[in-house]
Amino acid sequence: MCELRKRGLVTAVIYSGPFLKLGRNQARTFGVPELPLLEITHPLGGISLGDVKARAAQAAPQFADLVRKHLR
Amino acid sequence: MSDLDALMHAPGAGFEADDDLERINDLYCAKNWSDGLPIVPPTAARVEEMLTYCDRPLAEPVALIAPRYGAATPLRLAACAVMAGCRPEYFPVVLHAIDALCEEKFNVYGVNATTHPCTTLVIVNGPVAKELKMNSRHNAFGPGNRANATIGRAVRLAMLTIGGAVPGAGDMATFGTPAKFTFCAAENEDENPWEPLHVELGFARDASTVTVFGAEGQHNINDHESVTGEGILKMAAGTVATTGANNLYFDGAPLIAFGPEHAATIARDGYSKADVKKYLYEHGRVPLGMLSDENIERRIRQWPVFGNEYAEAGPERLIPVMKSPDNAYVIVLGGPGKHSAYIPTFGATQPVTRALKRRDGTLARSVGDFRRR
């Protein structure tokens with residue numbers, strides 16, 4: 001993911017709330033501290049398929065915004 | 001100025017602090033450099049003494065420890081060993097354990113960062129275990145032995161301070177485990193009726209090895225009643241057959257540590273170590289119906305480890321915890337008593353063994369072989 005970001009591709013990591021610090025630390029470790037982190041509601045495990053789709057619906061517009069910004 | 005002096009006096013290599021143990025420990029906790037127990041301050045003199053048992057270049061990384069991918073140089077590892085309370089002669093075991101657990105198949109990133117309560121279990125085999133007076137008998141996984149306690153702790157402090165496995169930031173364990181403070185013992189080779197682990201793995205009997213597991217704390221196998229090997233194995237298989245451990249879902253090489261009395265009974269009845277593994281593979285199985293409907297669907301029917309094997313399986317179908325007879329590790333550990341232990345792993349991990357070798361690749365016969373010339 002970080003390698004793709006370094007090459008200029010639109011990339012992001014989707015995380016649920018408690019994993020924000022881990023995501024930030026990993027992005028810094030791999031040399032892309034500005035890597036976009038897209039938040040979804042925690043948890044992702046132990047939820048129904050409907051709730052999984054709802055999480056995807058949270059992430060999708062955030063990623064679409066990233067793509068739009070990249071294309072501008 | 002020696003190389004060591006130059007390294008230790010390089011900018012950022014150290015700092016000055018008041019000679020006050022309490023304040024130093026407060027500082028180490030505040031900086032996330034501590035496991036919370038008091039540490040021995042890694043002064044330049046103590047680190048230098050630790051490094052007398054290291055024949056490698058002091059600034060050359062042995063490995064990079066995830067999730068931070070910090071460079072585990074002998075200098076930094078020596079500081080961790082001092083903090084843990086190691087005697088200098090323990091240092092070669094610490095260094096080889098770090099080298100082992102950074103091999104890719106161990107998956108140290110996963111073991112450190114997961115929500116699962118796994119840690120780094122270190123098992124020592126060969127003559128060095130006795131040389132260091134390691135405990136392989138009564139309470140081998142418990143307190144009371146300096147080598148067991150501090151080697152395991154030094155490894156964990158390296159995960160924390162070099163690897164960045166800081167709770168909530170690089171170590172996301174839901175509960176963690178007390179085994180994350182230290183988890184290290186020597187195999188009880190003297191009372192092992194089978195070949196010890198390192199010999200089974202192809203090392204010479206007089207080699208000394210460290211084997212690391214991405215392991216949970218142990219689950220007891222209490223059997224005071226069985227008088228046959230098969231009886232004890234049946235109880236062990238029953239303990240292995242649990243729904244909560246990751247090994248049901250992964251090809252993750254769990255460990256079974258037989259107490260010497262159980263091992264003697266099993267061996268007396270003609271079971272080789274290979275027979276034991278085969279028995280546990282064939283009988284350590286969980287019926288599909290013990291799982292919830294969601295787990296059957298997501299963790300079994302659609303789980304990549306199983307392919308389509310259970311796509312049409314009914315509730316009586318048995319799922320082996322070990323994915324092949326060779327998937328289990330078997331050792332003998334502990335003192336008298338009718339107990340053995342099942343030690344599940346993170347699952348997405350494989351154990352790694354390293355022989356203690358000098359920098360030139362020759363097998364070490366003693367920790368004294370690592371003394372800096």
Review point. Looking at this structure, is B:VAL93 within 20 Å of B:ARG146 (Cα to Cα), more than 14 Å from every other protein chain (Cβ to nearest Cβ) and surrounded by 23 or more Cβ atoms within 10 Å (Cβ to Cβ)?
Key: yes
Check your understanding: Checking B:GLY152 against (1) surrounded by fewer than 24 Cβ atoms within 10 Å (Cβ to Cβ); (2) away from chain A (no Cβ under 14 Å); (3) not hydroxyl-bearing (Ser, Thr, Tyr), which test does it fail?
Key -> (1)
Practice item. Kindly establish whether B:GLY202 is over 16 Å from B:ALA97 (Cβ atoms), within 14 Å of chain A (Cβ to nearest Cβ) and without any contact (Cβ under 8 Å) to a residue 40 or more places away in the chain. Key: no
Review point. Got a number for residues in the stretch A:3-58 being in a strand (DSSP E or B) and in contact with a Leu (Cβ under 9 Å, 6 or more places away or on another chain)?
Key: 7
Exercise for review: Could you grab the pairs with beta carbons closer than 8 Å, sequence gap of 6+ or different chains, first residue in the stretch B:131-145 and under 25 Å from B:GLY368 (Cβ atoms), second one surrounded by fewer than 17 Cβ atoms within 10 Å (Cβ to Cβ) and of a type in the set (Gly, Ala, Ser)?
Suggested key: B:GLU131/B:SER366; B:ASN135/B:GLY144; B:ARG137/B:GLY335; B:ALA140/B:GLY335
Exercise for review: Within the stretch B:276-299, track down each residue that is without any contact (Cβ under 8 Å) to a residue 40 or more places away in the chain and among the hydrophobic types (A, V, I, L, M, F, W, C).
Suggested key: B:LEU288, B:ILE296
Point to revise | Criterion (on the phi > 0 side of the Ramachandran plot and either surrounded by fewer than 21 Cβ atoms within 10 Å (Cβ to Cβ) or not hydroxyl-bearing (Ser, Thr, Tyr) (or both)) met by exactly one of B:ALA253, B:ALA245, B:ALA274 | key: B:ALA253
Check your understanding: Looking at A:LYS69, A:LYS6, A:LYS21, which is the one that is more than 14 Å from chain B (Cβ to nearest Cβ) and under 22 Å from B:TYR69 (Cα atoms)?
Key -> A:LYS6
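Results for (1) under 14 Å from the mean Cα position of the chain (by Cα); (2) surrounded by 24 or more Cβ atoms within 10 Å (Cβ to Cβ), shown as yes or no for each residue.
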{"position": "B:GLY168", "(1), (2)": "no, no"}
{"position": "B:PRO178", "(1), (2)": "yes, no"}
{"position": "B:VAL199", "(1), (2)": "no, no"}
{"position": "B:VAL210", "(1), (2)": "yes, yes"}
{"position": "B:ALA215", "(1), (2)": "yes, yes"}
Practice item. Would you please name the residue that is nearest to the other protein chains (Cβ to nearest Cβ), looking only at residues in the stretch B:115-149 that are assigned to a helix (DSSP H, G or I) and within 27 Å of B:ASN25 (Cα to Cα)? Key: B:ALA149
Study note, to complete from the structure: When the stretch B:287-322 is checked residue by residue, the ones that are surrounded by 15 or more Cβ atoms within 10 Å (Cβ to Cβ) and small (Gly, Ala, Ser) are B:ALA313
Exercise for review: Kindly list the number of the only condition in (1) surrounded by fewer than 19 Cβ atoms within 10 Å (Cβ to Cβ); (2) outside any helix (DSSP H, G or I) that fails for B:VAL330.
Suggested key: (1)
Check your understanding: Is there any pair with a first residue in the stretch A:47-72 that is surrounded by 13 or more Cβ atoms within 10 Å (Cβ to Cβ) and a second that is not hydrophobic (A, V, I, L, M, F, W, C) whose Cβ atoms are under 6 Å apart and which are 6 or more apart or on different chains, and what are they?
Key -> A:LEU66/A:PRO36
Practice item. Enumerate the helices (runs of 4 or more DSSP H) found wholly within the stretch B:16-111, keeping only those where 3 or more residues are of a type in the set (Gly, Ala, Ser). Key: B:74-84
Exercise for review: Take B:VAL212 and decide whether it is more than 17 Å from B:ALA264 (Cα to Cα) and either touching a helix residue (DSSP H, G or I) at 6+ places or on another chain (Cβ under 7 Å) or free of Cβ contacts under 8 Å to residues at least 40 places away in the same chain (or both).
Suggested key: yes
Check your understanding: For the subset of the stretch B:155-179 comprising residues that are at positive phi and touching a residue at least 12 places away in the same chain (Cβ under 8 Å), which member is nearest to the other protein chains (Cβ to nearest Cβ)?
Key -> B:GLY164
Check your understanding: For the stretch A:59-72, what are the residues that are farther than 25 Å from B:ARG299 by Cα and part of a helix (DSSP H, G or I)?
Key -> A:ALA60, A:PRO61, A:GLN62, A:PHE63, A:ALA64, A:ASP65, A:LEU66, A:VAL67, A:ARG68, A:LYS69, A:HIS70, A:LEU71
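Taken together, the values in this text are just the output of simple stated rules run on the coordinates, not laboratory data. Here the structure is a predicted model, which means the values were calculated and not measured. Neighbour counts are summed over all protein chains in view; Cβ atoms, including those assigned to glycine, are modelled from backbone coordinates with ideal geometry.
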